[in-house]
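Below is one structure, written out as structure tokens, with a few remarks after it.
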């Protein structure tokens, strides 16, 4: 028996053995890690304060070209306005370490929120990166949607256009809006997990 | 902080020349340079020829492979070609792996050449010179990421014979071709899901020193297929070499595993990079 046949035979045998395991990989919602962070106004927010509500977490760094794409086009702000208007809690979270790109003093954060007409419930500061690491936030943006039961029902990219060019907003499928719309209507989330895209979080 | 302003290389030879003069005389910091290299001086309509987009990066900066990894974005080329000339896909040189804060990315530092084959047709519009233009959008990162855009041009005469470009350009293109992964039918691959892992089986040619397999790194070409920060390791299964990888929760279980195996310069391996196509059973 030649090498190729051996390879094929062995793999077929192992596939038979492991076949039961293939396809078991279902998207079980994981519990959202609890956190308590201070916003740019000095107010503390714990995830447990918002039990019973949908919560969106958006990792942010305004010096990142991918974040700029979503803010220069008003894409992020319009999502924030729409869903906070539907009683969704929306936290933008910055996990840049002190001295790293995107870590600003609070007064600069507040003036940026105003200049960009950003409309999250609050902008939370995570300079030690503990909340970012607990969630596994890799990029800016990186999005998480938490249901009223405290489970992560969506995590990953904001949409399916993984670039930073301004012309990539139009026609993009927005995964966050899709997850919120489905879950708020009592439907399962069709795409519960995607690969996030963007700049690395500056831990 | 890095100046996030885009370096816009404007259309028009005179403006381009002026900008190049400025770039040479002003300290622009992290500005990369790009050039369009053609393998030919003249083209006979109907022939194909290779071009390279050569990008030179400042020390410490990197750009990305077709799969950028956990962060970043792949470079993008947009061609502006005359009727009767069309561009093939980018041939990507073997990438390097970068890790930063637990995140893994794939790409290039110092310099890289993206190779593309252009095909002409015999009904190419008659003109003494064929001008080609490639608009390159590239994200260059160090601690921060800066987008750059280049409008690159080259010209070649249409003639009865296709003739090569000068020896300097040919040497640079030969170097770039040497950095491409090879498609070697003597290397065979298969992938298999095993509990939380994805096994990449490798059936290597008998001429290859098995020990050098340990030096290689696997780069998946599809974004989002693998948890890149989970260390991969070589293992044996039934006398076969298998690389144990961790798939993401989002991955389609029956998706083939495609990518490249790359050996570092320091390895004694004869191969520098081979294409991997590993279908499931």
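Tally the residues that are under 16 Å from residue B:219 (Cα atoms) and touching a helix residue (DSSP H, G or I) at 6+ places or on another chain (Cβ under 7 Å), restricting the search to the stretch B:243-281.
2
Looking only at the stretch B:216-259, count every residue that is in contact (Cβ under 8 Å) with a residue 60 or more places away in the chain, at the interface with chain A (Cβ under 8 Å from one of its Cβ atoms) and closer than 14 Å to residue B:106 by Cβ and tell me the total.
Residues meeting the conditions: 1.
Conditions first: (1) away from chain B (no Cβ under 14 Å); (2) out of contact with any strand residue (DSSP E or B) (no Cβ under 9 Å at 6 or more places or on another chain); (3) in a helix (DSSP H, G or I). Residue A:71 passes all but one, so which condition is the exception?
(1)
Is it true that some residue in the stretch B:159-169 is over 13 Å from residue B:40 (Cβ atoms), in contact with a helix residue (DSSP H, G or I) (Cβ under 9 Å, 6 or more places away or on another chain) and modelled with pLDDT of 95 or more?
No, that holds for no residue.
Just one of (1) assigned to a helix (DSSP H, G or I); (2) modelled with pLDDT of 95 or more trips up residue A:167, so point out which.
The failed condition is (2).
Does at least one position in the stretch B:195-206 carry a residue that is loosely packed, with under 14 Cβ neighbours inside 10 Å, more than 10 Å from chain A (Cβ to nearest Cβ) and more than 22 Å from residue B:109 (Cβ to Cβ)?
no
Filter the stretch A:89-104 down to the residues that are away from every other protein chain (no Cβ under 14 Å) and either without any contact (Cβ under 8 Å) to a residue 24 or more places away in the chain or buried (at least 22 other Cβ atoms within 10 Å of the Cβ) (or both) and list them by number.
Within the stretch A:89-104, A:90, A:91, A:92, A:93, A:94 meet the criteria.
Within the stretch B:237-261, which residues are assigned to a strand (DSSP E or B) and within 18 Å of residue B:227 (Cα to Cα)? Before the answer, list the steps.
Pass one, the stretch B:237-261, residues assigned to a strand (DSSP E or B): B:237, B:240-245, B:247, B:257-261.
Of everything in the stretch B:237-261, those that are assigned to a strand (DSSP E or B) and within 18 Å of residue B:227 (Cα to Cα) turn out to be B:242, B:243, B:244, B:245, B:247, B:257, B:258, B:259, B:260, B:261.
With respect to the numbered conditions (1) within 12 Å of the chain's Cα centre (by Cα); (2) surrounded by fewer than 20 Cβ atoms within 10 Å (Cβ to Cβ); (3) part of a strand (DSSP E or B), which one is the sole condition not fulfilled by residue B:89?
(3) is the only condition that residue B:89 fails.
Hey, does the stretch B:56-72 have a residue that's surrounded by fewer than 19 Cβ atoms within 10 Å (Cβ to Cβ) and either part of a strand (DSSP E or B) or within 12 Å of the chain's Cα centre (by Cα) (or both)?
yes
Count, please, the residues in the stretch A:170-203 that happen to be assigned to a loop (DSSP other than H, G, I, E, B) and within 13 Å of chain B (Cβ to nearest Cβ). Walk me through it before giving the result.
So the first thing to find is which residues in the stretch A:170-203 are assigned to a loop (DSSP other than H, G, I, E, B), and the list is A:170-173, A:185-192, A:194-197, A:201-203.
Of the ones still in play, those that are also within 13 Å of chain B (Cβ to nearest Cβ) are A:189-192, A:194-197, A:201-203.
The total comes to 11.
Can you tell me which of (1) within 12 Å of another protein chain (Cβ to nearest Cβ); (2) more than 23 Å from residue A:69 (Cβ to Cβ); (3) modelled with pLDDT of 95 or more is the one residue B:148 doesn't meet?
(2)
Cβ-Cβ under 7 Å, sequence separation 6+ or interchain: first residue in the stretch B:79-102 and more than 14 Å from chain A (Cβ to nearest Cβ) and in contact (Cβ under 8 Å) with a residue 60 or more places away in the chain, partner buried (at least 16 other Cβ atoms within 10 Å of the Cβ) and not in a strand (DSSP E or B). Which pairs?
B:91/B:180; B:93/B:176; B:93/B:179; B:93/B:180; B:94/B:179; B:94/B:181; B:94/B:272
The values are calculated or read from the model by the stated rules, or taken from the named source; none is laboratory data. All of these numbers come straight from a predicted model, not from anything done at the bench. Neighbour counts are summed over all protein chains in view; Cβ atoms, including those assigned to glycine, are modelled from backbone coordinates with ideal geometry.
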